[in-house]
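J.: Got a structure for you, questions after.
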Amino acid sequence: MSMSSLAIQTNEINLEYVEQVKKRQRMKNLLKGVLFLLPSIILFSAFVFYPMIRTIYLSFFLTNTSGVTTVFVGLENYINLFKSPIFLKNIQSTFLFVLYTVPATVIISLFLAIIASEKLKGIGFFRTIFSSTMGISVAAASVFWMFLFNPTMGLLNQLLKSIGVEPIGWLTDPNWALLSVSVTTIWMNIGFTFLVLLGGLQSINSYLYESADIEGAGYFYKLRRITIPMLSPTLFFAITVSIINAFQTFGQIDILTQGGPQNETNLIVYSIYREAFVNYQFGSASAQAVVLFIMILFLTAIQFKLGERKVHYQ
Amino acid sequence: MTMSFRKKIIFYVLLSVSALILFAPTIMAVVMSLMTSQDILTGSAPSRLILDNFIQTFEHFPLLQFLLNSFIVSIVITIGQILLSSLAAYAFVFLEFKGREFLFYLFIATMMVPFEASVIPNFHTIRDIGWIDTYQGLTIPFFATAFGAFLLRQNFKQIPKELREASQIAGMGHFKFYLTVVMPVAKSSLVTLGIYGFLTSWNMYLWPLLSTTNDSVRTVQIGLKQLQSQEQLNQWGVMMAGAVIVIIPTLILLFLGQKKLQKGLTEGALK
């Protein structure tokens with residue numbers, strides 16, 4: 001046997017050995033990876049994936065009061081939903097609510113974030129105040145606003161009275177109730193949105209502003225040409241999260257209006273809650289939940305699709 | 001960058017007016033919680049400040065029990081989230097194995113399922129395993145979060161790979177490396193996630209409403225709803241006192257951790 005062929009042979013043995021070790025290493029890594037992820041996977045399966053599938057399943061059935069399926073009804077729950085004027089109204093209210101709350105929340109928070117991003121003495125104090133509503137729970141915020149909306153003692157009607165305007169039934173007048181709940185929601189969500197946008201503003205490279213200063217650019221020019229474009233990914237995130245939050249609104253409805261007056265504020269999550277846990281119609285409630293799920297899925301998908309494209313200049 | 005005096009004044013005016021409007025409901029609540037019901041009913045300025053409302057909320061309601069429950073629930077959820085998120089983030093950064101990509105997308109997928117849409121089967125699950133009115137029923141469903149895993153993954157990625165290689169040479173296993181190197185290095189992000197987790201758990205509303213039927217484990221948010229629905233119309237002072245007590249822990253936490261939170265939210269959100 002010549003020297004060279006021997007070398008090749010040992011090389012082959014080595015390669016085989018290396019392959020084997022690699023394979024074993026991969027198996028070991030797979031095992032470890034799964035082990036590290038197992039707790040999350042188990043809980044996600046039990047409390048996210050299984051319930052989702054189960055909700056879809058339930059939506060094709062009628063159930064008894066404890067949630068056991070009794071009769072398979074196919075798409076009947078869905079057909080009934082979209083024939084029901086109340087459900088259609090709830091969907092309409094939910095979309096109106098999104099329209100009332102999201103632009104206002106984002107615009108106000110953006111304004112606050114812009115004025116709070118200046119380097120001024122004592123700015124920390126203002127930032128703390130602006131973010132404060134994030135620390136105020138939905139139950140507490142609802143109690144605050146319940147008093148503000150109180151027809152006789154409430155601050156809002158007191159103000160109206162002092163300028164000679166008729167008092168308004170903020171939470172009892174069908175024309176006003178959804179708007180009043182929206183105002184409460186905007187107030188509650190400002191804290192979080194403000195913090196997100198402020199973070200976005202502060203991660204903009206200050207070099208951009210410095211070169212604009214050298215060019216002699218004015219405040220509003222910089223705002224329009226640097227701040228807003230550079231902030232667009234954060235802004236986009238803030239808008240999507242606000243929309244999803246608006247779809248999921250529950251607490252303030254439960255405390256302030258219970259869906260009334262005349263179903264004006266019966267937003268979709270509240271409607272699901274009533275149908276399932278007050279009327280015990282789990283099948284029909286599940287069908288509503290599937291509608292909610294599809295709406296949110298759609299929005300999240302857009303967020304990922306567009307977000308991916310915009311993230312490059314971060 | 002220096003600012004002209006005039007510009008500074010404009011900013012301070014804008015900041016002050018905004019702060020006043022935004023904080024007005026909170027200030028109103030605090031003042032009302034210290035007022036007599038007579039002053040509140042007549043709509044006059046407080047003639048004197050009293051603590052009676054606070055004493056009454058504690059006397060008429062098992063508020064102390066509710067507060068304790070909320071603390072237990074929030075702290076347990078926070079610890080659970082930190083633990084599970086950091087383990088998951090570690091796997092996504094330091095372990096290379098087949099199917100990692102798939103699991104990563106699985107985590108992303110969970111963000112698309114709103115809790116509110118899957119609350120019916122979750123309620124049935126908790127009921128069927130006898131977890132209604134228990135701390136585990138209130139906490140365990142919230143341990144796993146994709147947001148937490150992504151936030152920490154972002155942070156773990158910044159740990160130099162050489163550190164892992166060095167530890168491997170020293171014969172350190174993955175779990176030891178995770179516990180003794182990664183966790184201490186990522187302390188700041190863990191704190192951020194902790195603050196966020198505590199805030200959201202403390203303020204949870206729908207789930208505690210469904211999964212508690214008596215006062216034994218009921219959280220303070222649901223207690224406040226009870227207080228609100230049971231008190232008579234002229235007891236606004238007591239209600240406000242209850243609300244003020246509920247927001248104090250989260251406001252303190254927010255004031256202390258605002259900077260961290262703001263940084264963390266943008267990092268976890270965007271990358």
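The values are calculated or read from the model by the stated rules, or taken from the named source; none is laboratory data. A quick note: this is a predicted structure, and the numbers were derived from the prediction, not measured. Please note: Cβ atoms are built from the backbone with ideal geometry, for glycine as well, and neighbour counts cover all protein chains shown. When the accessible area is computed, the model is the full protein with side chains, heavy atoms only, and any ligands, DNA or RNA have been set aside. Shrake-Rupley method; radii C 1.70, N 1.55, O 1.52, S 1.80 Å.
J.: Does region B:205-227 hold any residues that are facing chain A (nearest Cβ under 7 Å), assigned to a helix (DSSP H, G or I) and open to solvent by less than 30 Å² (accessible area, probe 1.4 Å), and which are they?
T.: The answer is B:Leu206, B:Leu210, B:Gln221, B:Leu224.
J.: Hey, A:Tyr270 hits all of (1) of a type outside the set (Lys, Arg); (2) modelled with pLDDT of 95 or more; (3) open to solvent by 20 Å² or more (accessible area, probe 1.4 Å) but one; which does it fall short on?
T.: Failed condition: (3).
J.: Checking A:Phe111 against (1) outside any helix (DSSP H, G or I); (2) without any contact (Cβ under 8 Å) to a residue 40 or more places away in the chain, only one condition comes out false. Which one?
T.: Failing condition for A:Phe111: (1).
J.: How many of the residues in region B:71-108 are more than 9 Å from every other protein chain (Cβ to nearest Cβ) and surrounded by fewer than 18 Cβ atoms within 10 Å (Cβ to Cβ)?
T.: Final tally of qualifying residues: 7.
J.: Restricting the search to region B:31-47, which residues are surrounded by 14 or more Cβ atoms within 10 Å (Cβ to Cβ) and either among the polar types (S, T, N, Q) or more than 10 Å from chain A (Cβ to nearest Cβ) (or both)?
T.: Residues satisfying the conditions are B:Val31, B:Ser33, B:Leu34, B:Met35, B:Thr36, B:Ser37, B:Asp39.
J.: With respect to B:Ile82, determine if the residue is outside any helix (DSSP H, G or I) and among the aliphatic types (A, V, I, L, M).
T.: Spelling it out, it is not the case that B:Ile82 is outside any helix (DSSP H, G or I) and among the aliphatic types (A, V, I, L, M).
J.: Kindly check whether there is at least one residue in region B:48-70 that is farther than 29 Å from B:Met240 by Cα and either within 21 Å of the chain's Cα centre (by Cα) or within 11 Å of chain A (Cβ to nearest Cβ) (or both).
T.: no
J.: Scan region B:175-201 for residues that are more than 18 Å from B:Ser70 (Cα to Cα), among the hydroxyl-bearing types (Ser, Thr, Tyr) and touching a residue at least 60 places away in the same chain (Cβ under 8 Å) and jot them down.
T.: B:Tyr178, B:Ser188, B:Ser189, B:Thr192
J.: Do the conditions hold for A:Val106, that is, is it among the β-branched types (Val, Ile, Thr), part of a helix (DSSP H, G or I) and within 27 Å of B:Phe142 (Cα to Cα)?
T.: no
J.: When the residues of region B:111-124 are narrowed to those that are at the interface with another protein chain (Cβ under 7 Å from one of its Cβ atoms) and not in a loop (DSSP other than H, G, I, E, B), which ends up most open to solvent (accessible area, probe 1.4 Å)?
T.: This residue is B:Glu116.
J.: Which ones in region B:159-172 are surrounded by fewer than 13 Cβ atoms within 10 Å (Cβ to Cβ), closer than 23 Å to B:Leu84 by Cα and not basic (Lys, Arg)?
T.: The answer is B:Pro160, and nothing else.
J.: Any idea which of A:Gly191, A:Gly200 is in the same structural domain as A:Ala177 (by TED's automatic domain parsing) and more than 16 Å from the chain's Cα centre (by Cα)?
T.: Going through A:Gly191, A:Gly200 in turn, the sole match is A:Gly200.
J.: Moving to a separate point now. Taking region B:126-158 on its own, how many of its residues are crowded, with 17+ Cβ neighbours inside 10 Å and free of Cβ contacts under 8 Å to residues at least 60 places away in the same chain?
T.: Residues in region B:126-158 being crowded, with 17+ Cβ neighbours inside 10 Å and free of Cβ contacts under 8 Å to residues at least 60 places away in the same chain: 1 in total.
J.: When only residues in region B:25-40 that are more than 23 Å from the chain's Cα centre (by Cα) and in a helix (DSSP H, G or I) count, which is farthest from A:Phe126 (Cα to Cα)?
T.: B:Gln38
J.: Here is a further query. Given the criteria of a type in the set (S, T, N, Q), free of Cβ contacts under 8 Å to residues at least 60 places away in the same chain and buried (at least 22 other Cβ atoms within 10 Å of the Cβ), does A:Thr128 qualify?
T.: no
J.: When you go through (1) hydrophobic (A, V, I, L, M, F, W, C); (2) closer than 20 Å to A:Glu275 by Cβ; (3) exposed (fewer than 12 other Cβ atoms within 10 Å of the Cβ) one by one for A:Leu58, which number turns out not to apply?
T.: (3)
J.: Oh, and also: Among the listed residues A:Thr70, A:Thr65, identify the single one that is outside the structural domain of A:Thr257 (by TED's automatic domain parsing), touching a residue at least 60 places away in the same chain (Cβ under 8 Å) and open to solvent by 30 Å² or more (accessible area, probe 1.4 Å).
T.: Only one candidate passes the filter, namely A:Thr65.
J.: Here's something else I'd like to know. Looking at A:Leu37, A:Leu96, which is the one that is assigned to a helix (DSSP H, G or I), within 29 Å of the chain's Cα centre (by Cα) and at pLDDT below 95?
T.: The unique qualifying residue is A:Leu37.
J.: Quick check: is even one residue across region A:235-253 within 10 Å of another protein chain (Cβ to nearest Cβ), part of a loop (DSSP other than H, G, I, E, B) and either hydroxyl-bearing (Ser, Thr, Tyr) or in contact with a Gly (Cβ under 7 Å, 6 or more places away or on another chain) (or both)?
T.: So far as region A:235-253 goes, yes, one or more of its residues are within 10 Å of another protein chain (Cβ to nearest Cβ), part of a loop (DSSP other than H, G, I, E, B) and either hydroxyl-bearing (Ser, Thr, Tyr) or in contact with a Gly (Cβ under 7 Å, 6 or more places away or on another chain) (or both).
J.: Those residues that are facing chain B (nearest Cβ under 7 Å) and among the small types (Gly, Ala, Ser), I need them from region A:117-136; list them, please.
T.: A:Ser131, A:Ser132, A:Gly135
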